[in-house]
Amino acid sequence: MSFKAGMTSDFFYVTVKHQDIQNFARSIQNKNPLHFDVHKAKNAGFPDLLAPPTYPILFWQLAKLDWLDQLDVPLIHGEQKFNYLKPIVAGDTYICKIYLKEVKKKQGSTGVLWILKHVLEGYQNDELSFTSETTLILREFQGNEVE
Amino acid sequence: MVAFTRGDYVCENESVIISANDVKKYAETSNDFNAIHLDFQSAVEAGFEREIVHGMLVMGIAESRLSVVFPTSFVVSYETKFLHPVLVGELLTISYVVIDEDLDFITIKIEVTIENGKIAIIGVIQFTNVGG
């Protein structure tokens with residue numbers, strides 16, 4: 001097991017479906033009609049149902065990240081950032097990748113902590129549409145020493 | 001944007017309790033079945049008092065309240081730091097304070113406080129008018 005800044009997933013495709021937006025919005029107790037009603041979304045100026053801003057976290061399910069594959073210790077979520085150049089709406093398809101932007105090692109009170117800053121990028125027509133930065137913290141203990 | 005100025009509370013503080021069922025539903029939607037969220041024993045073994053809520057669920061719920069205050073706006077950025085774990089079933093208080101605003105944008109600081117008075121999550125979210 002080793003972590004290095006620059007490690008990157010293959011590109012993967014994501015298509016945003018109406019039902020996925022609705023289910024996700026329900027799961028975070030969001031009652032904004034723009035996530036549920038296409039007509040209301042269109043009246044508000046969006047081409048289709050609008051996705052909640054934390055929606056791209058679902059895209060992680062579709063990525064294969066070799067460097068996290070073999071871990072059997074829980075990862076702690078330290079920080080999360082989303083930035084949008086355009087809204088995500090139903091019917092959109094994105095080409096995405098996830099890469100390790102930064103790797104830091106810190107001495108914590110209970111052992112060594114690895115701080116792994118990941119970036120998910122979503123593109124449409126070769127243009128960046130959004131980024132989602134996810135910082136995960138891994139607690140190292142005997143048996144899972146990281147190179 | 002809208003009728004807010006710097007320092008205003010956007011809405012009353014929100015009181016939220018995230019139940020084991022809410023966490024189970026979020027696990028199913030997000031496909032994140034990490035045992036520290038769903039199983040008492042695993043959470044305790046990992047050093048927590050009991051099961052903890054997905055950080056992303058708290059982040060999502062915190063935004064959901066604002067989403068109704070600015071129903072036709074669009075979020076250009078949203079970032080949070082997860083400072084303390086949020087336990088399943090504990091009472092959370094969420095506050096929303098305007099830290100910047102102009103014609104097209106409004107920026108709001110979000111704080112999620114847990115029962116012992118500590119801030120569990122701190123965040124900043126920025127909304128803009130569509131086409132604005």
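Since every read-out is calculated from the coordinates, none of them should be taken as a lab result. Here the structure is a predicted model, which means the values were calculated and not measured. No Cβ is skipped: glycine too gets one built from the backbone with ideal geometry, and neighbour counts run over all protein chains shown.
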Candidates per trypsin sites (Lys or Arg not before Pro) in the range A:49-147, loop by DSSP, up to 15 other Cβ within 10 Å: A:Lys64
Between B:Val86, B:Val23, B:Val44, which gets the highest mean-square fluctuation from a Gaussian network model of chain B, Cα cutoff 10 Å? B:Val44
Restricting to DSSP H runs of at least four residues, report the calculated mean residue ellipticity at 222 nm for the protein assembly as shown, -39500 (n - 2.57) per run over all residues, nearest 500 deg cm²/dmol. -5500 deg cm²/dmol
Straight-line reach only, C-alpha to C-alpha below 25 angstrom: list the lysines that A:Lys86 could link to, leaving out same-chain residues fewer than 8 apart. A:Lys17, A:Lys31, A:Lys40, A:Lys42, A:Lys97, A:Lys101, A:Lys117, B:Lys81, B:Lys109
Which of the chymotrypsin sites (Phe, Trp or Tyr not before Pro) across the range B:1-98 are loop residues per DSSP, with 12 or fewer other Cβ within 10 Å? B:Phe33
Within a Gaussian network of chain A (alpha carbon springs, distance under 10 Å), most fluctuating of A:Gln61, A:Gln22, A:Gln124: A:Gln61
For A:His118, enumerate residues with amide H under 5 Å from its amide H, sequence gap 5+ or separate chain, H modeled in the peptide plane. A:Lys101, A:Thr134, A:Thr135, A:Leu136
Helix B:20-30: angle to the longest alpha-carbon principal axis of chain B, degrees 0 to 90, nearest 10? 70 degrees
Need the full-extension length gain, A:Gln107 to A:Phe11, defined as separation in residues times 0.36 nm minus the C-alpha distance. One decimal, nm. 31.2 nm
Quote to one decimal, in nm, the extra length available between B:Val97 and B:Lys118 on full extension: 0.36 nm per residue of separation minus the C-alpha distance between them. 5.8 nm
Whole-Hz ³J(HN,Hα) from phi, Karplus 6.51 cos²θ - 1.76 cosθ + 1.60, for the range A:32-49, glycine and proline x: 5, x, 5, 8, 10, 10, 4, 4, 5, 5, 5, 4, 7, x, 9, x, 6, 3
Dipole moment magnitude, nearest 20 debye, the range A:1-109 about Cα centre, only Lys, Arg, Asp, Glu C-beta charged: 320 debye
Working from Cα positions, state the angle (0 to 90°, nearest 10) between the long axis of helix A:18-27 and the longest principal axis of chain A. 60 degrees
How far is the Cα center of the range B:18-83 from the Cα center of the range B:89-109, in Å? 18 Å
Provide the per-residue ³J(HN,Hα) series for the range B:55-60, in order, calculated from phi with Karplus coefficients 6.51, -1.76, 1.60 and θ = phi - 60°, each as a whole number of Hz, with x at glycine and proline positions. x, 5, 6, 5, 4, x
Taking the Cα centre of the protein assembly as shown as origin, work out the dipole magnitude from +1 charges on Lys and Arg Cβ and -1 charges on Asp and Glu Cβ, in debye rounded to 20. 140 debye
If you filter the range B:1-99 for GluC sites (Glu not before Pro), then keep DSSP loop positions with at most 12 other Cβ within 10 Å, what is left? B:Glu12, B:Glu49
When the charge dipole of the protein assembly as shown is computed with +1 on Lys and Arg Cβ and -1 on Asp and Glu Cβ about the Cα centre, the Cα farthest towards its positive end, among B:Ser19, B:Thr29, A:Pro53, belongs to A:Pro53
Give, rounded to the nearest 20 debye, the magnitude of the charge dipole that the range B:42-132 has about its Cα centre when Lys and Arg contribute +1 at Cβ and Asp and Glu contribute -1 at Cβ. 80 debye
